[in-house]
Each structure stands twice: as structure tokens, then as C-alpha cells.
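Below: the structure, in C-alpha cells.
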Amino acid sequence: MQDIPINGLTGLSYLPGYFDREAQQDLLEEIRALVADAPLYQPVMPKTGKPFSVRMSNCGPLGWVSDINGYRYQPNHPATGNPWPEIPARLTALWQDVASNAPAPEACLINFYDTGAKMGLHQDRDEKTFEAPVVSVSLGDTATFRVGGLKRNDPTKSFRLQSGDVVVLGGDARLAFHGIDRVLKGTSTLLKNGGRINLTLRRVTRPD
Ligand code: MD6
Ligand code: FE
């Protein structure tokens, strides 16, 4: 576990190689089964309707969606109308391991990056509470992850996220800007056709 100070903020942790190859394969099988039920779809940006370059799905009682009307969490898949599938036990175990003081995760966003897909600098701030961290898992091709401060223009640091790596954005760094500049083609054999999957576990509501 590496705590990475960033612009004077604490709470960014990097856990390289958290999942070994076998665990990555098992997790990938679980994600495959899950997206068979809750298919990846291409979200669009609020207002402009510009499509994201990543495709998304979710699991858990709530899922993060973006459409012309805005960003929000909702209990149903926007295309099928079905409830999102359950969060795999392997991921709730990860949360227990790295976020044991936080209430249970309610949402797991699944991002799929094909060649050329990226994710602009953003904050994860659509949750009703920021007390819990956001916990992220990378699978497949290596990505360049950029993280900065609480202001969009703060200086940033970049590091590479490889298959099996875990990142935790918690504490003061919970609202740090971050994004994916690029995915490095051919850097992993985990996904048969290449690309990258990122899973982010979140608590959305305040526990009662
Ligand atoms: C990605 N990750 O790795 C995008 N958000 O593809 C995120 O947006 C993210 O890695 C919150 C916490 C950790 C993350
Ligand atoms: Fe994020």
C-alpha cells in the first residue's frame, strides 16, 4: 500500500498488483456474466449529447448514469429497465479490506475502454456523501492515470495503472480531480481483444 501525497492532500492510496492473475481472471469472468445481463451502453454528456468514448454498465443497488439531462444514480439500467446485477463478492471483500470503516458500497461503475478511449479530468461528486472513499480496480491494458488537486488547474501527477492494480481516493483526496489520458494498446493479455476495464466502487447515500 502506497500513500501518495498530492497537492498537500492525503487519502490517495495506490495498491499495485492487489489482484494476482488468477483473481483477475475470476473477476473478469464475473464481469462478463454481469454485462451479459446489464449490457455496456454508450452514455452521452449532459446538455451537449456528445457520446463518451468509454462504454459503461453498473452493478449494485444504484448505478451511475449520464444522459442529456445530467449525471445521476438510479436503480435501473437505462436501456433494459432492469435492476442492476449484484456487486460480486470479490469486490465487496476488497471494500472490506481497504474501506472497512465505511458503510457498504452501493454502486459499482463498470467502464470499458476500447482503443483510443479516455476519460477527461473530473471529480467524483454525484454521491450524497463523500465520507466513504471511491475504490477503483483496473483490468486489462495499462492506462495513464492523472490526479491533481481540488481545483481543476492544480498541478497533476501521472502514473500507470496495470491490470490488477487498485486505487483508493479517500480522505482529503476524495474530491481530487483525476482522469485517464490514454490506454496503452497491447500491454495486457487478460482481455482477449485488448482494451481496459475499470471498476469503481462507491457509497452513494448517507447511512441511516
Ligand atoms: C479509470 N477512474 O481508472 C477512471 N474515480 O478508468 C476513475 O474515474 C476513478 O480511478 C474515482 C476513484 C478512482 C478512480
Ligand atoms: Fe472518477
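No value in this document is a laboratory result; all are computed from the given coordinates. Because the structure is a prediction, the values reported are computed rather than measured. Ideal geometry is used to build each Cβ from the backbone, glycine not excepted, and the neighbour counts take in all protein chains shown.
Out of THR189, THR48, THR144, any idea which swings most in a Gaussian network model of the chain, alpha carbons joined below 10 Å?
In this elastic network of the chain, the residue with the biggest mean-square fluctuation among THR189, THR48, THR144 is THR48.
Compare the peptides 111-117, 14-20, 133-139, 152-158 by average per-residue count of other Cβ atoms within 10 angstrom and give them in order, highest first.
Per-residue Cβ counts within 10 Å, averaged per peptide and sorted highest first, yield 133-139, 111-117, 14-20, 152-158.
Taking region 20-96, which trypsin sites (Lys or Arg not before Pro) meet the DSSP loop condition and have no more than 14 other C-beta atoms within 10 Å? If you can, show how the numbers build up before the last one.
On the way: sites: ARG21, ARG32, LYS47, ARG55, ARG72, ARG90; in loops: LYS47.
Answer by residue number: LYS47.
Fully extended, how many nm does the chain gain between ARG206 and SER66 (0.36 nm per residue separation, minus their Cα-Cα distance)?
48.2 nm
For a quick check of your reading of the filter: which trypsin sites (Lys or Arg not before Pro) in region 97-137 sit in a DSSP loop and have no more than 13 other Cβ atoms within 10 Å?
In loop regions of region 97-137 (DSSP not H, G, I, E or B), the sparsely surrounded trypsin sites (Lys or Arg not before Pro) are ARG125, LYS128.
Within 10 Å, at most 16 other Cβ atoms, and a DSSP state outside H, G, I, E, B define an exposed site. Report the longest part of the chain free of exposed GluC sites (Glu not before Pro).
Longest run free of exposed loop sites: 1-85.
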